[in-house]
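> To start, I am sharing the structure in question, which I have written as structure tokens.
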Amino acid sequence: MPTHRFVPAPFDTVRQRLEKQYEIADYTDGWSREQLLDAFKEHCIEFPEEAKLMTKAWFFNLICSKAPIAPEVDDYFVGKVAHYDLLLELRNRWRLEAARDEFGDRLGVIDGSYRAMLDCCSHICPDWQSIFSLGIDGIYQRSLSGKSVYHQAVATVFDGVKTLLKRFDAVHPTAGLAELASRKAQSFQEALQLSYLFNELIEFDGIQVRSMGRFDKLFSPYYERDIANGTLTRSQAAELLKYYWIKFFAKTRGLVTAS
């Protein structure tokens, strides 16, 4: 698999370690929780009238740019960021503020029944086809064509994603991560990497349930092209998939608690 400068150990020999990868992840130096929060508070003081959507997008960009990341040099894929659940905490705080604005001091705010109207949790399915057909930079460039606060927020978010990809490229011996910041995925491995990273980024916000879409339809073009041009074998593809799917199991190891 030429997109990787070395081949990680066979999956079956490291499976137990991979099952615990989130517990044992070793992060590079980056900003602490306190440093990120201090920067966020300063931003809020400087821009008190900023739309919440832009404030959250700015915070997301900051986390992508400054939070510690895990190099995972013995893995095919990267994506772990020490985001300290800061966006989840912000979401929950804003949700409670919205509930208080709506219900005041009524019992609903105290006992949590307001969640029936303001619940932020959902099962989602991202537009994977656009993610693959446009790539990170394509979505970023498209957002620049709009003038709304929403478009500005999207541009800010995807600028952060581009920065994050370049940071991962600097610490992980895998060719192509920096390239994914400026072009679409071209290989089976790159498509898997992009989808895993996107999955992790969505979970910054605490949304832990989503569909990976029609996996066969989305990924088969990359697989078939790599097989046809001789850059991938069936056994190599199977190894990539094992390393890929174990990450989804390892995230919770079957144990999910409500946020």
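Since every read-out is calculated from the coordinates, none of them should be taken as a lab result. Keep in mind it's a predicted model, so treat the numbers as computed, not measured. Every residue, glycine among them, receives a Cβ derived from its backbone with ideal geometry; neighbour counts consider all protein chains shown.
> On full extension of the chain, what length is gained from residue 7 through residue 19, given 0.36 nm per residue of separation minus the C-alpha to C-alpha distance? Intermediate results must be reported in sequence, preceding the final value.
Working: separation 12, 0.36 × 12 = 4.32 nm, distance 1.89 nm.
Residue separation times 0.36 nm, minus the Cα-Cα distance, leaves 2.4 nm.
> Along the charge dipole of the chain, which of 125, 60, 221 sits closest to the positive end, that is, farthest toward it, with unit charges on the beta carbon of Lys, Arg, Asp and Glu (+1, +1, -1, -1)?
Comparing the listed Cα positions along the dipole, 221 ranks first.
> Then there's this: Using a 10 angstrom cutoff on alpha carbons, build the Gaussian network for the chain and name the most mobile of 229, 199, 92.
The residue that fluctuates most here is 229.
> In a Gaussian network model over the chain where Cα atoms closer than 10 Å are linked, find which of 68, 221, 48 has the largest mean-square fluctuation.
Top of the fluctuation ranking is 48.
> OK, next. Can you tell me the orientation of helix 52-66 relative to the chain, as the angle in degrees between its alpha-carbon axis and the longest Cα principal axis, to the nearest 10?
40 degrees
> Give, as a single signed number, the net charge of other residues whose beta carbon lies under 10 Å from the beta carbon of residue 182, with Lys and Arg counted +1 and Asp and Glu -1. Before the final figure, lay out the partial values.
Details: positive: 162, 166, 183, 184; negative: 137, 179.
In short, +2.
> Sticking with this one: Estimate the FRET efficiency between residue 44 and residue 166 by the formula 1/(1 + (r/R0)^6), using the beta-carbon distance for r and 22 Å for R0, to the nearest 0.05. Kindly include the intermediate steps, with their values, before the conclusion.
Numbers: r = 27 Å, r/R0 = 1.23.
Efficiency computed from Cβ-Cβ geometry: 0.20.
> To the nearest 20 debye, what charge dipole does the range 11-252 have about its Cα centre, counting +1 at the Cβ of each Lys and Arg and -1 at the Cβ of each Asp and Glu? Write out the running numbers ahead of the final one.
On the way: 30 positive and 35 negative charges, 118 e Å.
Around 560 debye, computed over the range 11-252.
> Taking 32 Å as the cut-off for C-alpha to C-alpha distance, list the pairs among 41/242; 80/184; 66/247 that go past it. Can you show the working numbers first?
Working: 41/242 41 Å; 80/184 21 Å; 66/247 23 Å.
Too far apart for the 32 Å limit: 41/242.
> Dipole of the chain (Lys/Arg Cβ +1, Asp/Glu Cβ -1, origin at the Cα centre): which of 35, 71, 245 lies farthest to the positive side?
Of 35, 71, 245, it is 245.
> I've got another one for you. With axes computed from alpha carbons, what is the tilt in degrees of helix 86-103 against the longest principal axis of the chain, rounded to the nearest 10 within 0 to 90?
Between the helix axis and the principal axis of the chain, the angle is about 30 degrees.
> Compute the angle between helix 128-144 and the longest alpha-carbon principal axis of the chain, please, reported from 0 to 90 degrees and rounded to the nearest 10.
Long axis of 128-144 versus the principal axis of the chain: about 60 degrees.
> Could you check the simple spin-label distance between residue 74 and residue 34, using points 7 Å along Cα→Cβ, in nm with one decimal?
It is 3.3 nm.
> Filter the trypsin sites (Lys or Arg not before Pro) in the range 125-162 down to the DSSP loop ones having no more than 13 other Cβ atoms within 10 Å, then list what survives.
Working: sites: 142, 147, 162; in loops: 147.
Answer in residue order: 147.
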